[in-house]
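The values are calculated or read from the model by the stated rules, or taken from the named source; none is laboratory data. Bear in mind the structure is a predicted one, so any value in this text is a computation, not a measurement. With ideal geometry, Cβ positions are generated from the backbone for all residues, glycine too; neighbour counts draw on all protein chains shown.
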Amino acid sequence: MKKLLFLGLSALAVGFSSCDCKTQTACCDGEKVEPTAEQIEKLGITNKDSLSAATKRALKWPNIGNEWFIEYETYDLEGDLAYEEGVVRRDPSGIIKENGKYYVWYTKSVGPTDGFGGDIEHEKVFPWDRCDIWYATSEDGITWKEEGMAVARGDKGEYDDRSVFTVEIMKDKGKYYLVYQTIGGLYQVRTKNQVGLAWSDSPDGPWEKSKEPILSPADNGVWKGDKQDRFAVEKKGDFDSHKVHDPCIIPFKGKYYLYYKGEQMGEEITFGGRQIRHGVAIADNPKGPYKKSPYNPISNSGHEICVWKYNGGIASLITTDGPEKNTMQWSPDGINFEIMSHIKGAPHAIGLNRTADNEKEPTEIMRWGLTHKYENYDYQYIRGFKSHRVMAHKAKGVDGSKEATASLSDANK
Ligand code: AAL
């Protein structure tokens, strides 16, 4: 696998370095491309002197098989995480195992979403507004018991007095850390979102909260006018000038890598959908200070952060928005990611099973985990997912098999 990875990335590097044109169109028009006999065979090229634009792009693909390709299905959970009318439970954290039980943390609130049109001082503008962080435990990952609130919103006037939500767990050197999004004051369209941290000696708390946010949006964007319009800007600023979201801290190379989603003031729609990108901020200690990488943004697509360690580097699932959505990516240094597979789609807001043997194979950590579902715009609930690899494509009955290879029962072999 490691050899394959190397071959794949080398091929990618060769592919990119052979093209120094300014635009893709110029490449397609002007570049003289000479496919090898092996490439002609593999890509099924009819005439090497008449290459279509699509074939020229295919010639730049890395030589990677289906090691990073998965399909998935979702299912309902039982016990306290089953759907409950009138309650929002969403954005599950990763899962860890302590005291013989699985633990998960999540965003919880009650009541419908009123939106920005009404009394924003007293109503909920989003399902994740006016939330606190709760947690649940389970012996089998299917039936869950809600244990109570872990981290509450701050007192009036604090940076997190409106909502704390979209949490991730990190266990490091015997201590537990919850990292999450925060809103303080009025939740308006232009309100900036920050990231807070809480720590404890036990997964059952009590949790001590950081007095200040550990990450904030870049402050180099300029709004245009006073109307609460997130698209009206004089200057957009960095990719994370409006919101820093979906934080997840991974201990990596002796430091702490805080991955997050950035939203930009004046966000645009590009040819891949919403303009959403990920960044990373690095610290020497779990509590910070976190310094944003000068290489940010480190993705050109994505949404909820889903990252894990693999093969000495960091793997990332990119979903929902942007031209590279629904791809698995990998980076040797946690910063420079390359595409390893294009998948058909992924569960939303994944809570990874952090108890898995993540080095066994690239996507072992995705074999099962948690996700959430919009029952409707007001209420979401937490569900399970499982995924399987698909390494071959065979019809039912071939080789005496009872099912097509892509079926769930056959695919994990
Ligand atoms: C999710 C996440 C963040 C956003 C909202 C709740 O998909 O990106 O958590 O703030 O939606």
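Of note:
- With respect to being away from the ligand (no atom under 16 Å from the Cβ), within 26 Å of Thr107 (Cα to Cα) and not in a strand (DSSP E or B), Ile298 falls outside the description.
- Residue match in the range 169-182 (condition: surrounded by 18 or more Cβ atoms within 10 Å (Cβ to Cβ), out of contact with any helix residue (DSSP H, G or I) (no Cβ under 8 Å at 6 or more places or on another chain) and of a type in the set (D, E, K, R)): no
- Residues satisfying the stated conditions in the range 213-248, i.e. within 16 Å of the ligand (Cβ to nearest atom) and either in a strand (DSSP E or B) or without any contact (Cβ under 8 Å) to a residue 12 or more places away in the chain (or both): Leu215, Lys243, Val244, His245, Asp246, Pro247, Cys248
- Summed over the range 229-273, the residues that are surrounded by 14 or more Cβ atoms within 10 Å (Cβ to Cβ) and over 30 Å from Asp333 (Cα atoms) give a count of 4.
- Residue in the range 328-352 that is nearest to the ligand (Cβ to nearest atom), counting only those that are assigned to a strand (DSSP E or B) and under 14 Å from the mean Cα position of the chain (by Cα): Gly351
- Asp140, sole failed condition from (1) under 27 Å from Tyr259 (Cα atoms); (2) more than 16 Å from the ligand (Cβ to nearest atom): (1)
- Annotation note: of Val164, Val189, the sole residue that is within 16 Å of the ligand (Cβ to nearest atom), crowded, with 18+ Cβ neighbours inside 10 Å and either in the same structural domain as Lys243 (by TED's automatic domain parsing) or not hydroxyl-bearing (Ser, Thr, Tyr) (or both) is Val164.
One line per residue, one yes/no per condition, for (1) of a type in the set (Gly, Ala, Ser); (2) touching a Phe, Trp or Tyr at 6+ places or on another chain (Cβ under 7 Å):
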residue: Gly196; (1), (2): yes, yes
residue: Asn220; (1), (2): no, no
residue: Cys248; (1), (2): no, yes
residue: Gln275; (1), (2): no, no
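- Here Tyr259 meets the list (1) free of Cβ contacts under 8 Å to residues at least 60 places away in the same chain; (2) part of a loop (DSSP other than H, G, I, E, B) almost entirely, failing just condition (2).
- For the range 109-146, the set of residues classified as touching a residue at least 40 places away in the same chain (Cβ under 8 Å), surrounded by fewer than 20 Cβ atoms within 10 Å (Cβ to Cβ) and in a strand (DSSP E or B) consists of Thr143, Lys145, Glu146, listed by residue number.
- The single condition from (1) among the aromatic types (Phe, Trp, Tyr); (2) more than 16 Å from the ligand (Cβ to nearest atom); (3) more than 22 Å from the chain's Cα centre (by Cα) that Phe116 fails is (2).
- Asp321 vs. criteria more than 20 Å from Trp105 (Cα to Cα) and either surrounded by 24 or more Cβ atoms within 10 Å (Cβ to Cβ) or within 16 Å of the ligand (Cβ to nearest atom) (or both): yes
- Members of the range 297-327 found to be under 10 Å from the mean Cα position of the chain (by Cα) and on the phi > 0 side of the Ramachandran plot, listed by number: Gly302, Thr320
- Screening Tyr260 against (1) within 14 Å of the chain's Cα centre (by Cα); (2) within 16 Å of the ligand (Cβ to nearest atom); (3) farther than 23 Å from Lys173 by Cα leaves a single unmet condition, (3).
- Selection over the range 381-413 of residues that are closer than 30 Å to Glu146 by Cβ and at pLDDT 85 or above gives a count of 8.
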